[in-house]
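Here the structure comes first, spelled out in structure tokens, and everything after it is commentary.
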Amino acid sequence: QRYRQRYVDLWANPEVAERIKNRSAIIAAIREYLTSKGFLEVETPMMQTIAGGAAAKPFVTHHNSLDMDLFLRISPELFLKRLLVGGMERVFEINRNFRNEGLSRQHNPEFTMLEVYQAYADYSVMMDLTEELIGLCVEKYCRAEQVQFGDVTIDFARPWRRAQYADLLKEYAGCDIDDIKAVRAKARELGLELADMDDAVLVNEVFEAAVEDNLTAPTFVIDYPAPLCPLTKRKKEDPRYAERFELFIAGMELANAYTELNDRAVQEENFKIQLRGQQDTMATMDRDFITALKYGMPPAGGLGIGIDRLIMVLTGAATIRDVVLFPLLRSKSADGGNGA
């Protein structure tokens, strides 16, 4: 009822209004930090002809004047990379993404993302930027470096842990990433569905089930299996792995970053492999992005941070709905179907 009548909730529960004010202040601080580092804030299309830049199920709409189906964006990534091709070396966007997937305390189909791209950087630069940016928000808007989130205490003292994906799989799942038989045995133990699942995807399913909940303190999980990362450069010393990290806090993924792939031929082949593994008949390759890469994209680092989840952690909110003013709710049968 509080979510349905937020206008009452705001004055009846002062802590709710205070959390929303803190959300606004944190986003303003993020903007101030990035602009002070020479980044330019931009806006890219929310309605796109191709659902690209991430693997997710899109919302579909129809443009009457052009008589064409469009997708609410699942990611701004490929448009922001086009700006790198155009010579804009430091850009960021804070805006909505839409993914037609499940609801939970940590997931909302409409959510706010920060995406940052920096030419002549890599995922190590993005790690430093992420730690500095979130650390700044903790200093400004949390009473101490230790923050209470539900029944866990998060220690934001820097430096944050940086751990290899394969090492964490060994530590918490007890199996070697190269021993697929052991991984499949662990998957069966966890009750995961194994049928028709690619080895790399299966490894990641086990990682999500066995590892992520243990990552309470801020942890950069680095060097993901390359097949999971079609937009990412491989590690020169071991191309089985990609230069990618995800930041976990309180068992939640808060950030995802790459050393961006800028080789046109490799990117096109990765797209083809990705499409072969998709059942969605609407899935297609963004050929204009491939054309952009022919003109030349500089080496770059890219970063995405889930703003709603970040606000949850910094304000101690129990659910993502507590940091969104008007979350979409299931309609009540007694009303006109508008969720009021």
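Annotations for the structure displayed:
- Scanning segment 95-109 for residues that are part of a strand (DSSP E or B), crowded, with 18+ Cβ neighbours inside 10 Å and of a type in the set (S, T, N, Q) turns up at least one hit.
- Taken over segment 70-94, the criterion of being surrounded by 16 or more Cβ atoms within 10 Å (Cβ to Cβ) and of a type in the set (A, V, I, L, M) is satisfied by Leu70, Leu72, Ile74, Leu78, Leu80, Leu83, Leu84, Val85, Val91, Ile94.
- Scanning segment 110-145 for residues that are in a helix (DSSP H, G or I) and either under 23 Å from Glu18 (Cα atoms) or of a type in the set (Val, Ile, Thr) (or both) yields Val125, Thr130, Leu133, Ile134, Gly135, Leu136, Cys137, Val138, Glu139, Lys140, Tyr141.
- Considering residues of segment 36-53 that are of a type in the set (Gly, Ala, Ser) and out of contact with any Lys or Arg (no Cβ under 8 Å at 6 or more places or on another chain) only, the residue least open to solvent (accessible area, probe 1.4 Å): Gly52
- Test: residue in segment 261-269 that is among the small types (Gly, Ala, Ser) and without any contact (Cβ under 8 Å) to a residue 12 or more places away in the chain: yes
- For segment 135-152, the set of residues classified as open to solvent by 10 Å² or more (accessible area, probe 1.4 Å) and touching a residue at least 60 places away in the same chain (Cβ under 8 Å) consists of Leu136, Lys140, Tyr141, Cys142, Val147, Gln148, Phe149, Gly150, Val152, listed by residue number.
- Which listed residue is in contact with a Leu (Cβ under 7 Å, 6 or more places away or on another chain) and either among the polar types (S, T, N, Q) or assigned to a loop (DSSP other than H, G, I, E, B) (or both), from Asn256, Asn262: Asn262
- Checklist (1) more than 22 Å from Ala54 (Cβ to Cβ); (2) crowded, with 17+ Cβ neighbours inside 10 Å; (3) not basic (Lys, Arg) applied to Glu132, failing item: (2)
- Scanning segment 233-253 for residues that are surrounded by fewer than 23 Cβ atoms within 10 Å (Cβ to Cβ), in contact (Cβ under 8 Å) with a residue 60 or more places away in the chain and part of a strand (DSSP E or B) turns up Tyr241, Met252.
- Tally, over segment 289-308, of residues that are free of Cβ contacts under 8 Å to residues at least 60 places away in the same chain and not hydrophobic (A, V, I, L, M, F, W, C): 2
- Of the residues making up segment 258-291, just one is aliphatic (A, V, I, L, M), touching an Asp or Glu at 6+ places or on another chain (Cβ under 9 Å) and modelled with pLDDT of 90 or more, namely Ile290.
- Matching residues in segment 215-232 - criterion: being closer than 18 Å to Ala54 by Cα and either under 15 Å from the mean Cα position of the chain (by Cα) or open to solvent by 20 Å² or more (accessible area, probe 1.4 Å) (or both): Tyr224, Pro227, Leu228, Cys229, Pro230, Leu231, Thr232
The values are calculated or read from the model by the stated rules, or taken from the named source; none is laboratory data. Source: prediction; values computed, not measured. Using ideal geometry, Cβ is built from the backbone for each residue, glycine included, and neighbour counts are taken over all protein chains shown. These accessible areas exclude ligands, DNA and RNA; they are computed on the full protein's heavy atoms, side chains included. Shrake-Rupley method; radii C 1.70, N 1.55, O 1.52, S 1.80 Å.
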